[in-house]
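Notes for the one structure printed next.
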Amino acid sequence: MKTMRKKQFRFASFLLAFVLAFALANTGEIAAEAKTTEKTVILYFSATGTTKKTAARIKKSTKGQLIEIKAADPYTDADLDWTDDDSRVTKEHESASSPAKSKVRPKIRNLSAIKKAVKKADIVYIGYPIWWGQAPHILYSLVEKVSLKGKTVIPFCTSMSSGIGSSAKNLKKKAVISSKTKWLKGRNFFDVPSQKTINKWVKSLEL
């Protein structure tokens, strides 16, 4: 009888240990999932493809959702000729002392899709090329129409010579944000950065 009770006790102890181990493992999985539940969206406007390629590498590094900011009236090569006084981008630039002060706000064709994606996201990357030291006017159409309240926002830009300058700060001033919005400094990339450079930058953000 004593031998049987010992066996029953050992079996019960083993069973209890197994249940506890399973519970702890499951808790660990839940904790791990909690760290990866943040949703990331990478929004970008690209005129020549440089910002697009950079955004694609950020997507690869973050596993986020990649969305192009599409102008309702697409920019043609002629529109982008900044050396032409009559080109579209030149007229946008000369409409005010800065895009933030301008009334020019190009419409975004896929604005509804962007709003829907951003609403579900926790982290929002916003990419653009540098034009005359600032973000293009269409980026103001974005930040003024899409709520970034409570989001972590990371601006990034591409250029051949200029840095990010005051472009991100000016976007922030016009953006729909709240006290809970975390607007990070962001950075500029000259030409298309390597995947290694992007991975290192994303990791440094500690998101």
- Name the residues in the range 85-140 that are closer than 23 Å to I198 by Cα and of a type in the set (F, W, Y), would you? Y125, Y128, W131
- Query: T197 is checked against (1) out of contact with any Leu (no Cβ under 7 Å at 6 or more places or on another chain); (2) part of a helix (DSSP H, G or I); (3) within 17 Å of G64 (Cβ to Cβ) and fails just one. What number does that condition carry?
  - Reply: (3)
- Task: Look at V118 and say whether it is in the same structural domain as T197 (by TED's automatic domain parsing), modelled with pLDDT of 95 or more and buried (at least 18 other Cβ atoms within 10 Å of the Cβ).
- Result: yes
- Query: Across the range 84-115, which residue is farthest from G165 (Cα to Cα) among those that are of a type in the set (D, E) and surrounded by 13 or more Cβ atoms within 10 Å (Cβ to Cβ)?
  - Reply: D84
- Message: List pairs: first residue in the range 188-206 and within 25 Å of S166 (Cβ to Cβ), second residue at pLDDT below 95 and not in a loop (DSSP other than H, G, I, E, B) anywhere in the structure, Cβ distance under 7 angstrom, at least six positions apart or on different chains.
- Response: N188/S159; F190/S159
- Kindly indicate whether any position in the range 62-79 is within 18 Å of R187 (Cβ to Cβ) and among the polar types (S, T, N, Q). yes
- From D122, D191, residue being closer than 20 Å to A56 by Cβ and acidic (D, E): D191
- Is there a residue being within 18 Å of C157 (Cβ to Cβ) and assigned to a helix (DSSP H, G or I) anywhere in the range 60-67? yes
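I'd like the residue in the range 187-207 that is charged (D, E, K, R) and at pLDDT below 95 and, out of all such residues, is nearest to the chain's Cα centre (by Cα).
Among them, the one singled out is E206.
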- Query: Taking I154, is it over 27 Å from S95 (Cβ atoms) and touching a Gly at 6+ places or on another chain (Cβ under 7 Å)?
  - Reply: yes
- Query: How many residues, within the range 84-100, are closer than 15 Å to P74 by Cα and in a loop (DSSP other than H, G, I, E, B)?
  - Reply: 1
- Pairs, first in the same structural domain as D81 (by TED's automatic domain parsing) in the range 122-135, second aliphatic (A, V, I, L, M) and part of a loop (DSSP other than H, G, I, E, B), C-beta under 6 Å, six or more apart: I123/L207; Y128/A135; P129/A47
- Item | Among the candidates L184, L148, residue that is surrounded by 14 or more Cβ atoms within 10 Å (Cβ to Cβ), at pLDDT 95 or above and out of contact with any helix residue (DSSP H, G or I) (no Cβ under 8 Å at 6 or more places or on another chain) | L184
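Going by the structure shown, is T50 assigned by TED's automatic domain parsing to the domain that holds F190, touching a Pro at 6+ places or on another chain (Cβ under 9 Å) and over 17 Å from I154 (Cβ atoms)?
yes
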- Query: What is the number of the single condition among (1) surrounded by 13 or more Cβ atoms within 10 Å (Cβ to Cβ); (2) within 16 Å of Y44 (Cβ to Cβ) that S166 does not meet?
  - Reply: (2)
- Note on the structure: Counted residues in the range 17-48 being modelled with pLDDT of 95 or more and farther than 21 Å from D122 by Cβ come to 2
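Hey, among the residues in the range 135-172 that are part of a strand (DSSP E or B) and of a type in the set (V, I, T), which one's farthest from the chain's Cα centre (by Cα)?
So, considering only residues that are part of a strand (DSSP E or B) and of a type in the set (V, I, T), the one farthest from the chain's Cα centre (by Cα) is T158.
The values are calculated or read from the model by the stated rules, or taken from the named source; none is laboratory data. Source: prediction; values computed, not measured. Positions of Cβ are backbone-derived with ideal geometry, glycine not excepted, and every protein chain shown enters the neighbour counts.
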